Amino acid sequence: MSRRKDSYRAALHRNPEPPGMTKVAVLRNRYVQVTVELAPEVHRELVHWAGPPMALLGVAGATVSQAWRMLTSCMPDSGNSSA
């Protein structure tokens, strides 16, 4: 058992991570608390793969919003306003 502990401790000291490199998120519930640590590579991969589709959604949303404003500004008043 002592040999296993020693090899475990040696492995921990072999590749120490610099402080502040991982992103930590804590999810708390009434009964459960989960801590998730993300390495910087995961963040880069997520931005790399999810960035372009999210940008496309933003452009599409702006285009639809602009078209909606143009359509509603061109429509005549329905006559429901009191004069």
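Derivation of every value follows stated rules applied to the coordinates shown; laboratory data play no part. Bear in mind the structure is a predicted one, so any value in this text is a computation, not a measurement. No Cβ is skipped: glycine too gets one built from the backbone with ideal geometry, and neighbour counts run over all protein chains shown.
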Report task. With r as the distance between the Cβ atoms of residue 65 and residue 38 and R0 = 41 Å, compute the FRET efficiency 1/(1 + (r/R0)^6) and round to 0.05. Result -> 0.80
Requested in this report: Report the net charge of residues surrounding residue 47, where surrounding means a beta-carbon distance below 15 angstrom and charges are Lys +1, Arg +1, Asp -1, Glu -1.
Outcome: 0
